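Engineer: Below: one structure in structure tokens.
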């Protein structure tokens, strides 16, 4: 029994950080591409306020984060063979 739980723990410990690593990297893609393409400068020259520009960037990042958080929660609920994370206390709900 302990061997099964150890395997599940090791797989979660190795796979979750990789998913979060790619999530963090996705937040960096837009500012880097924007710097190369000068999209921010073009939008500011067209009359967009800096607050509106950064608020939109923040909302996009927040929406992306929420999508990933919801998908990860669903994966944890579905793919947990030992029912370790099936209670509301474990998921923070």
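The values are calculated or read from the model by the stated rules, or taken from the named source; none is laboratory data. It should be emphasised that the depicted structure is a prediction, and the values quoted were computed from it without experimental measurement. We place every Cβ from the backbone using ideal geometry, glycine too, and count neighbours over all the protein chains shown.
Engineer: Which pairs turn up if I take residues in the range 1-29 that are part of a helix (DSSP H, G or I) and look for partners that are modelled with pLDDT of 80 or more with beta carbon separation below 6 Å, at least 6 apart in sequence or on another chain?
Structural biologist: Between residues of the range 1-29 that are part of a helix (DSSP H, G or I) and residues that are modelled with pLDDT of 80 or more, the close pairs are 23/68; 27/61.
Engineer: Does residue 57 satisfy the criteria of being modelled with pLDDT of 85 or more and loosely packed, with under 10 Cβ neighbours inside 10 Å?
Structural biologist: When the stated conditions are applied, residue 57 does not pass them.
Engineer: Looking at (1) in contact (Cβ under 8 Å) with a residue 24 or more places away in the chain; (2) assigned to a helix (DSSP H, G or I), which one does residue 82 not meet, given that it meets all the others?
Structural biologist: Condition not satisfied by residue 82: (2).
Engineer: Could I ask something else about it? I'd like the full set of residues that are touching a helix residue (DSSP H, G or I) at 6+ places or on another chain (Cβ under 9 Å) and modelled with pLDDT of 80 or more, limited to the range 11-21.
Structural biologist: Within the range 11-21, just 20 meets the criteria.
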